[in-house]
Amino acid sequence: MQFIDLKTQYHALRDAIDARIASVLAHGQFILGPEVRELEERLAVYSGAKHCISAASGTDALLISLMALELKPGDEVITTPFSFASAVEAISLLGGRAIFVDVEADTANMDFTGIETAITPRTRAILPVALYGQPADMTEINSIAARHTLPVVEDAAQSFGARYQSRCSGNLSTIGCTSFYPSKPLGCYGDGGAIFTNDDALATAMREIRSHGQESAYRHTRIGVNGRLDTIQCAVLLAKLDRFDWEIERRQAIGARYDSLLRERAPKVRLLHVKLERTCIYAQYTVRVANRDRVRAKLTEAGIPTAVHYPVALHHQPAYAAMHRGESYPVAEQLAREVMSLPMYPDLDEATQDTIIDAVGKATG
């Protein structure tokens, strides 16, 4: 059994993917070829955003966004202590300081009620991370940001394609960033990412920053990075985009079936909650369990693969602990001890899912 099955997806899309890649190999424009612009245009339409700027990774998307906002050493960015390290990494690389706000126990997303008290004169932006495929409380976050004249950068690496009040995650704030890492709901065959905005000036800045700060060939108007998305990865994404809506429907159906049957067959498992007026695309299907190590060991014995997203809160990570010594975020710390992700991919069949659910019931019983 696989945790994520990318081979079945490839077999379903093989002709389209192979044809797209062959086209790139034939025209030879491997950097900023026509597929890059085609992908950006299609993703902009899909998201509803005015601009889409592709990037070499989700982390580069965050870094480029913060550079466009002119984050300086000593500036503060409010974010979550419970996620992958990319957001904190991007902030730190620019000399900024991550200011953490604890998360909600039922969604694992940033708890907006803690944001206002975290704002100081040095606050430069708010950066919520949409965890496990569900957007955070963006109406409340945007409202707080507007009162304090702050931009919001939504990290939609796990939620692109989800909806919040009928709008696409990634187009819910000043800037949205996503990742096309292979295991993401829309993934390429390497690293990749994208940035979304409706701000013309920010879009111009981000396009220049991702290509060494160039306004035009060999005219460098700002400090930049090498953050371009390869043409071949765009070709893969263009082929996958044709199946993306169906895959989202499948993820949501599989997630709903997990919820229903785990309540029945594994009542000791604590489920996460999808809030009203939004959808979840289940980048991971994650639950909370007591005695996680024991449960995972039993599942491994039964042939069920699992993962932990994430086992250590960011303020306890060795790279960042010194900067956050003495800080405590109880919900994030508890989630880090309890979360466990189960196999989730669009082609997961009911028989395999039943095997997983029954094994979870036995392991937690």
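In table form, for the structure just shown:
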quantity: Residue under evaluation Asp111, criteria (1) closer than 30 Å to Val339 by Cβ; (2) touching a helix residue (DSSP H, G or I) at 6+ places or on another chain (Cβ under 7 Å); (3) among the charged types (D, E, K, R), criterion not met; calculated: (2)
quantity: Filter result (in contact with a Leu (Cβ under 6 Å, 6 or more places away or on another chain) and either part of a strand (DSSP E or B) or open to solvent by 20 Å² or more (accessible area, probe 1.4 Å) (or both)) within region 58-92; calculated: Val77, Thr79
quantity: Residue tally, condition closer than 17 Å to Asp137 by Cβ and either touching a Cys at 6+ places or on another chain (Cβ under 9 Å) or of a type outside the set (Gly, Ala, Ser) (or both), over region 88-119; calculated: 16
quantity: Residue ID - nearest to Phe84 (Cα to Cα), chosen from residues in region 128-171 that are among the aliphatic types (A, V, I, L, M), assigned to a loop (DSSP other than H, G, I, E, B) and open to solvent by 10 Å² or more (accessible area, probe 1.4 Å); calculated: Ala157
quantity: Residue in region 204-229 that is nearest to the chain's Cα centre (by Cα), counting only those that are crowded, with 21+ Cβ neighbours inside 10 Å and among the hydrophobic types (A, V, I, L, M, F, W, C); calculated: Leu229
quantity: Filtered residues of region 72-92 (kept if touching a helix residue (DSSP H, G or I) at 6+ places or on another chain (Cβ under 7 Å) and either among the small types (Gly, Ala, Ser) or farther than 16 Å from Tyr132 by Cβ (or both)); calculated: Val77, Ile78, Thr79, Ser83, Ala85, Ser86, Ala87, Val88, Glu89, Ala90, Ile91
quantity: Residues being within 27 Å of Ser83 (Cα to Cα) and not hydrophobic (A, V, I, L, M, F, W, C) - total across region 8-59; calculated: 10
quantity: Qualifying residue in region 4-14 (condition: touching a residue at least 40 places away in the same chain (Cβ under 8 Å), in contact with a helix residue (DSSP H, G or I) (Cβ under 7 Å, 6 or more places away or on another chain) and within 22 Å of Gln158 (Cβ to Cβ)); calculated: yes
quantity: Among (1) closer than 16 Å to Ala332 by Cβ; (2) crowded, with 21+ Cβ neighbours inside 10 Å; (3) hydrophobic (A, V, I, L, M, F, W, C), the one test that Ala125 misses; calculated: (1)
quantity: Residues within region 14-37 that are surrounded by fewer than 16 Cβ atoms within 10 Å (Cβ to Cβ), within 25 Å of the chain's Cα centre (by Cα) and part of a helix (DSSP H, G or I), tallied; calculated: 1
quantity: Boolean, Thr197 is surrounded by fewer than 21 Cβ atoms within 10 Å (Cβ to Cβ) and either modelled with pLDDT of 95 or more or under 19 Å from Ala332 (Cα atoms) (or both); calculated: no
quantity: Failed item, numbered, when Gly95 is tested on (1) closer than 15 Å to Met67 by Cα; (2) buried (at least 20 other Cβ atoms within 10 Å of the Cβ); (3) not hydrophobic (A, V, I, L, M, F, W, C); calculated: (2)
quantity: Spans of helices (runs of 4 or more DSSP H) in region 288-360 with at least 2 residues open to solvent by less than 60 Å² (accessible area, probe 1.4 Å) and either closer than 18 Å to Arg263 by Cα or touching a residue at least 12 places away in the same chain (Cβ under 8 Å) (or both); calculated: 292-301, 330-338
quantity: Count of region 38-56 residues which are in a strand (DSSP E or B), over 17 Å from Gly190 (Cβ atoms) and among the hydrophobic types (A, V, I, L, M, F, W, C); calculated: 2
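The values are calculated or read from the model by the stated rules, or taken from the named source; none is laboratory data. All values reported here derive from a predicted model rather than from experimental measurement. For neighbour counting, all protein chains shown are included, and Cβ atoms are generated from backbone atoms with ideal geometry for every residue, glycine included. Each accessible area value is taken on the protein alone, full model and side chains, heavy atoms only, with ligands, DNA and RNA left out. Shrake-Rupley method; radii C 1.70, N 1.55, O 1.52, S 1.80 Å.
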